[in-house]
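Below: one structure, written as structure tokens.
The values are calculated or read from the model by the stated rules, or taken from the named source; none is laboratory data. Not measured: the values here are computed from a predicted model. Because the Cβ atoms are built from the backbone with ideal geometry, glycine has one as well, and the counts that use them run over all protein chains shown. When the accessible area is computed, the model is the full protein with side chains, heavy atoms only, and any ligands, DNA or RNA have been set aside. Shrake-Rupley method; radii C 1.70, N 1.55, O 1.52, S 1.80 Å.
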Amino acid sequence: MSVMQLKHVTKQYRAAGVNALHGRMQMAVDDVSLDVARGRTLGIVGESGCGKSTMARMMMGLERPTSGEIYFDGRRVDALAERARRPMRPKFQMVFQDSGSSLNPRKSVRALLTDPMRCHGVSAPDARAAKLMDMVGLPVGLLGRYPHELSGGQRQRVCIARALALEPELVVLDEPVSALDVSVQAQILNLIRDLQAELRLTCVFIGHGLSAVRYVSHDIAVMYLGRIVESGGAADVFDRPAHPYTRALIDAAPSADYAERGRARVSLIGEVNDAAPGNGCALLHRCPYASQACRGRDDGLRAVPGEAGHMSRCTEARGKGR
């Protein structure tokens, strides 16, 4: 059963600079459809600028899609007025990348955790705050501290505790470890996994670090220039990638097991800005498997033969080099 569904969601912004004078639009998210299954973590991975964070903000209602529909527990929420959306706010929460800017520097940790609970009528907020601190591995004595008195890892744990304060049905984590030291990243990732298992949380975990996304996710969606190019179970996508972009991402990560993968290493040509515009494949000019047929055709996501739930946007490369 899905907690959240995105159906053909698109988000465009007015282009900046000279392009704005001609009324041109910049495509951030392009016809994305996704299901976030209850009790599971969906990992969204891709290079910076591919539209991951924009999609997260639309899930949270911080941005409205240009077109398409977003459903939460079967109810369409993207078209709701703010007053109608307000009672649903506690049900989905977000953990931002920069814990320093997402916490009010003038409020203590106690206030950061208890103010939302008091606002929404949660009983015994102080006791609940103490329990949350224990859940995220922080001593209760830090409740009197302010954000600037905490380390980066401690601040991110406070952000996670705040997101859990109202017992949400969905938690969106937007690159929650990318600003942390490597050793602290591992601690936060372990915490997220433990909380997911203990509380049966439904999560969307966004990142560009493949190892981090794989570690915490049950399902994976790979984004390139605003489009989902591959999706499926974490093992299917990472162990048997069907799209050249997914393969290139995996092969670009430091690893010594290329021989064990049983396929040749994939390298993309050129830069992201070299991607083809229009209705053709967005990876056209960078893909080693591109053919003339890719220039005017985008097949959309299709099932990978023999792998239930595994979808890929590429037909030319399907089965090549695997």
Next item on the list: Mind jotting down the distance between the C-alpha centroids of segment 177-206 and segment 34-88, whole Å?
Entry: 20
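Which percent, to the nearest 5, of DSSP beta bridges fully inside the chain are antiparallel?
Numbers: 26 of 43 bridges.
Taking every DSSP beta bridge within the chain, about 60 percent pair in antiparallel fashion.
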Next item on the list: For every other residue with a beta carbon closer than 15 angstrom to the beta carbon of Val136, add +1 if it is Lys or Arg and -1 if Asp or Glu, then tell me the sum.
Entry: +4
Checklist line | Phi to ³J(HN,Hα) by Karplus 6.51 cos²θ - 1.76 cosθ + 1.60 over segment 89-95, Hz, x for Gly, Pro | finding: 3, x, 7, 9, 10, 9, 10
Notebook entry, point to check: Residue separation times 0.36 nm, minus the C-alpha to C-alpha distance between Ser183 and Ser2: what's the value?
Noted result: 61.8 nm
Notebook entry, point to check: Tell me, what ³J(HN,Hα) does each residue in segment 139-144 have, in order and in whole Hz, if you take phi through Karplus 6.51 cos²θ - 1.76 cosθ + 1.60 with θ = phi - 60° and put x for Gly and Pro?
Noted result: x, 4, x, 7, 4, x
Next item on the list: Return, in residue-number order, each cysteine of the chain whose C-beta is not under 4.7 Å from any other cysteine's C-beta.
Entry: Cys50, Cys119, Cys159, Cys203, Cys287, Cys314
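Using DSSP to call loops (not H, G, I, E or B), can you name the chymotrypsin sites (Phe, Trp or Tyr not before Pro) in segment 61-136 whose Cβ has at most 12 other Cβ atoms within 10 angstrom?
Working: sites: Tyr71, Phe72, Phe92, Phe96; in loops: Phe96.
Here no chymotrypsin sites (Phe, Trp or Tyr not before Pro) fit, given the DSSP loop and packing criteria.
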Next item on the list: Before anything else, pin down the relative contact order of the chain: Cα pairs under 8 Å, at least 6 apart, normalised by residue count, whole percent.
Entry: 19
Notebook entry, point to check: With Cβ to Cβ distances under 14 Å as the rule, what net charge do the other residues near Gly39 carry (K, R +1; D, E -1)?
Noted result: -1
Notebook entry, point to check: Taking amide H positions as placed 1.01 Å from N in the peptide plane, with prolines and chain starts having none, which residues 5 or more places from Val204, or on another chain, fall under 5 Å of its amide H?
Noted result: Leu42, Val171, Val172, Leu173
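Quick check: from the Cα gyration tensor, does segment 38-82 come out rounded (a/c under 1.5), prolate or oblate? Before the final figure, lay out each step's value.
Details: a/c = 2.56, a/b = 1.31, b/c = 1.96.
Oblate shape, in that a/c is at least 1.5 and b/c is the bigger or equal ratio.
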Item checked: the chain: most fluctuating residue of Ile188, Ile206, Ile220 per GNM, C-alpha cutoff 10 Å -> Ile188
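Using a 1.4 Å probe on the protein chains only, how many percent of the accessible area of segment 94-147 belongs to carbon and sulfur? Can you show the working numbers first?
Details: 1420 of 2760 Å².
The value for segment 94-147 is 51 percent carbon and sulfur by accessible area.
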Notebook entry, point to check: How much net charge surrounds Met88 when only other residues with a Cβ under 9 Å from its Cβ are counted (Lys, Arg +1; Asp, Glu -1)?
Noted result: +4
Note to self: Could you derive backbone 3J(HN,Hα) for segment 239-250 from the dihedral phi with the Karplus parameters 6.51, -1.76 and 1.60 (θ = phi - 60°), listing whole Hz in sequence and x where the residue is Gly or Pro?
What the structure shows: 8, 9, x, 10, 10, x, 5, 4, 4, 5, 4, 5
